[in-house]
Amino acid sequence: MILPSILESSIFSKNRRDRERSTMAITLNNGFQMPIIGLGVWRMEKKAIKDLIIESIKIGFRHFDCASDYKNEAEVGEALCEAIKTGLVKREELFITTKLWNTDHGHVVEACKHSLKKLQLDYLDLYLVHFPISIRHTGIGATGSPLDEDGVLDIETNISLETTWHGMEDLVSLGLVRSIGISNYDIFLTRDCLAYSKIKPAVNQIETHPYFQRESLVKFCQKHGICVTAHTPLGGADANTKRFGTVSCLDDPILKGIAEKYKKTVAQIVLRWGIQRNTVVIPKTSKFERLKENFKVLEFELAKEDMDVIQAIDKNYRSNIQPAKFWGIDLYA
């Protein structure tokens with residue numbers, strides 16, 4: 001009597017994996033499809049980007065997460081241009097995200113056009129407000145973080161987040177962007193954006209991983225039709241440990257035990273956990289073998305009991321603490 005239910009479960013799991021491999025996307029609140037796994041290019045060396053992006057496209061990646069502040073949009077654009085010109089991929093098969101930097105909140109259209117030029121694209125699939133803060137303008141595309149005489153971020157007090165958002169909405173009307181969204185917004189700022197928006201944010205990109213699950217924010221966004229993208233989905237790994245002195249969830253013994261059970265890497269377990277939360281994951285890697293490993297998370301599924309175990313290790317622990325460390329101000333306080 002048990003065999004049929006096990007068989008049905010197996011068939012269901014296989015069908016789910018097949019659907020994921022074929023679609024690999026979440027439908028946004030405007031009907032556009034966003035691949036559930038992408039490649040983040042933060043802190044990626046300029047000289048390595050071209051080969052990494054070309055190889056990732058060959059593996060199956062179609063989603064690339066960029067930002068003006070990453071200072072490598074031009075290199076990403078060169079790689080995408082080559083991939084399209086050589087027939088490796090069509091533009092309509094790609095999902096390209098980039099972000100408005102803090103100094104350009106009063107110059108949304110100009111900043112977007114600047115990014116489009118660097119990326120060699122006619123439109124963006126997604127444009128995000130990188131941080132919920134406007135700081136002193138230093139020139140279009142100039143992505144510094146100017147400090148005042150006290151060494152604190154020079155915050156602009158004449159531009160509200162609502163004004164910035166209406167500038168984002170203009171991009172959709174102009175045909176420069178298909179979807180717009182927010183990044184690093186907490187539950188209250190997200191609520192406010194929903195209240196004043198004419199075009200609802202399609203995405204909120206936030207730090208979330210097993211040590212920083214942010215269940216309330218994730219559920220709030222999903223309840224209101226906002227897709228959550230997990231930046232730092234692996235907790236920053238060695239890079240954040242070296243940069244910020246933070247602890248990586250990849251060293252967690254419970255996660256290691258689950259990885260052994262499935263004969264996967266800990267990173268694969270963490271990414272798969274993120275996908276099964278219905279969040280988009282955008283891990284960054286500069287290693288070809290890791291690209292393949294990351295994409296293979298679509299080939300297995302975590303049991304509910306293991307999802308529950310991972311849920312229980314939440315530490316409310318942020319690993320990407322850049323604002324407090326470099327800006328003289330803690331945006332999250």
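The values are calculated or read from the model by the stated rules, or taken from the named source; none is laboratory data. Keep in mind the model is a prediction, meaning the values are calculated, not measured. FYI the Cβ positions are ideal-geometry reconstructions off the backbone, even for glycines, and counts take in every protein chain you see. Surface areas here come from the heavy atoms of the whole protein model, side chains and all, with no ligands, DNA or RNA. Shrake-Rupley method; radii C 1.70, N 1.55, O 1.52, S 1.80 Å.
Kindly evaluate Lys200 against the criterion of being in contact (Cβ under 8 Å) with a residue 24 or more places away in the chain and either within 30 Å of Pro283 (Cβ to Cβ) or assigned to a strand (DSSP E or B) (or both). When the stated conditions are applied, Lys200 passes them.
The number of residues in region 30-70 that are open to solvent by 20 Å² or more (accessible area, probe 1.4 Å) and at positive phi comes to 2.
So for region 175-187 (the condition being surrounded by fewer than 16 Cβ atoms within 10 Å (Cβ to Cβ), more than 20 Å from Val108 (Cα to Cα) and out of contact with any helix residue (DSSP H, G or I) (no Cβ under 9 Å at 6 or more places or on another chain)), does at least one residue qualify?
The answer is no, given that none of the residues of region 175-187 is surrounded by fewer than 16 Cβ atoms within 10 Å (Cβ to Cβ), more than 20 Å from Val108 (Cα to Cα) and out of contact with any helix residue (DSSP H, G or I) (no Cβ under 9 Å at 6 or more places or on another chain).
Checking the stated criteria, Ala303 turns out not to satisfy the condition of being more than 18 Å from the chain's Cα centre (by Cα), surrounded by fewer than 21 Cβ atoms within 10 Å (Cβ to Cβ) and closer than 13 Å to Leu234 by Cβ. Within region 71-124, restricting attention to residues that are of a type in the set (A, V, I, L, M), closer than 17 Å to Leu52 by Cα and in a helix (DSSP H, G or I), the residue that is most open to solvent (accessible area, probe 1.4 Å) is Ile84.
Can you say whether Arg136 is open to solvent by 70 Å² or more (accessible area, probe 1.4 Å) and under 19 Å from the mean Cα position of the chain (by Cα), as far as the supplied structure shows? The answer is no for Arg136. Give just the number: which of (1) open to solvent by 10 Å² or more (accessible area, probe 1.4 Å); (2) free of Cβ contacts under 8 Å to residues at least 60 places away in the same chain; (3) not in a helix (DSSP H, G or I) does Glu162 not satisfy? Every listed condition holds for Glu162 apart from (3).
With respect to Ala267, is the statement that it is modelled with pLDDT of 95 or more and in contact with a Ser or Thr (Cβ under 8 Å, 6 or more places away or on another chain) true? No.
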